[in-house]
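Bear in mind that the values in this text are calculations on the coordinates, not laboratory data. Keep in mind that this is a model prediction, so the values were computed, not measured. No Cβ is skipped: glycine too gets one built from the backbone with ideal geometry, and neighbour counts run over all protein chains shown.
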Amino acid sequence: MFNINGSIINVPGIKVGHRHNMTAMTGCSVIIMEHPAVCGVDVRGAAPGTRETDLLSAVNAVDKIHGLLLTGGSAYGLDAASGVMKYLEEQNIGFDVGVGVVPIVPAAVIFDLSFGDAKVRPDATMGYLAAQNASKSRFSDGNIGAGTGATVGKLAGDRWRMKGGLGSASITLPNGLVVGAMVVVNAVGEIRDPETQRVLAGSHDGQGRIQDMLSLMLQNVTDPGPVGTNTTIGVVACNANMNKTQMTKIAQMSHDGLARTIYPVHTMSDGDTLFALATGGIDVSMNLLGTLAAEVVARAVINGVKAAEGAQGVPAWRDFNEE
């Protein structure tokens, strides 16, 4: 059913740009809409870092957005959204307020300060360049953009974590509906293949083996470090005809994809946040759209972890596997 080479850029009206610093191991990823898109959001983690999510509430006025930012750098990284806004304003793209335009750019962050250089974070310049680079060109998964500093499996401490990353996936139906996802996998928990239940990445033991997450939790009842030092964030996009309330529900259903692949998920140490965009064009039932959204989110998580490369002494899935 899935096109394994699929990406969120297969969704009509969606462009993606990335910028990163491979020395500091952080970066950001930007989605630019060719036309304003309906957007909903659902925040499930207990320690989120976000911008403009209240605006996406169904009871609030603005129903479409112009760009979207996923970024590293913890709360500092939200500054990159200002650069995205600057780029869009230069293109005269935004909400018309009579005296100019105000680009609507929601954002969410991961905590990656403990990996690489904590003093280097995505800023307005990086956000601007990522927006400027946005295109329909296929991008690689793994250590790219907001996934550059992502890690997973931190319940036993950062010493035993493994590399996470950014992943994307999409599915296209015969009626022309395209559903895609882009996810930055930076969970405190481990990553499981939903088809085989095999653990792909988590807390390793230093000998090339991954430790059982539940056993670690039972052995250590304390929290694995400061609250909010992890977080998986992402976006689902589609070319369906939907309103903001409906896309909020799709964002909620999309979290099932995280639950199928991350264990545990939505913890006190994560700020898990998923956005859901609709560019319009195809009529589809919400049940089908939400089901497909969860599937592409799960696939994007797996793609991001399998594509990640070990860095700064932190191993990746590919370091423990031949394929």
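Name every residue in region 153-185 that is crowded, with 23+ Cβ neighbours inside 10 Å and under 22 Å from THR279 (Cα atoms), in order of residue number.
GLY167, SER168, ALA169, SER170, VAL178, VAL179, GLY180, ALA181, MET182, VAL183, VAL184
Kindly indicate the residue of region 86-99 that is in a helix (DSSP H, G or I) and in contact (Cβ under 8 Å) with a residue 12 or more places away in the chain and also surrounded by the most Cβ atoms within 10 Å (Cβ to Cβ) among those meeting that condition.
The selected residue is TYR87.
Just one of ALA294, ALA240, ALA298 is of a type outside the set (S, T, N, Q) and over 19 Å from CYS39 (Cβ atoms); which is it?
Exactly one residue qualifies, and that residue is ALA298.
Would you pick out the residues in region 100-152 that are among the aliphatic types (A, V, I, L, M), part of a helix (DSSP H, G or I) and surrounded by fewer than 24 Cβ atoms within 10 Å (Cβ to Cβ)?
Passing the criteria: ALA124, LEU129.
Consider only pairs whose beta carbons are under 7 Å apart and that are at least six residues apart or on different chains; among these, list those whose first residue lies in region 267-285 and is in contact (Cβ under 8 Å) with a residue 12 or more places away in the chain and surrounded by fewer than 22 Cβ atoms within 10 Å (Cβ to Cβ) and whose second residue is part of a loop (DSSP other than H, G, I, E, B) and not aliphatic (A, V, I, L, M).
MET268/ASP223; GLY280/ASN241; GLY281/PRO12; GLY281/ASN241; ILE282/ASN175; ILE282/GLY176; ILE282/ASN241; ASP283/ASN241
Conditions: (1) out of contact with any strand residue (DSSP E or B) (no Cβ under 7 Å at 6 or more places or on another chain); (2) closer than 16 Å to THR261 by Cα; (3) surrounded by fewer than 22 Cβ atoms within 10 Å (Cβ to Cβ). VAL188 meets all but one. Number of the miss?
VAL188 satisfies all of (1) out of contact with any strand residue (DSSP E or B) (no Cβ under 7 Å at 6 or more places or on another chain); (2) closer than 16 Å to THR261 by Cα; (3) surrounded by fewer than 22 Cβ atoms within 10 Å (Cβ to Cβ) except (3).
Can you say whether LEU292 is within 21 Å of GLY13 (Cα to Cα), part of a helix (DSSP H, G or I) and aliphatic (A, V, I, L, M), as far as the supplied structure shows?
yes
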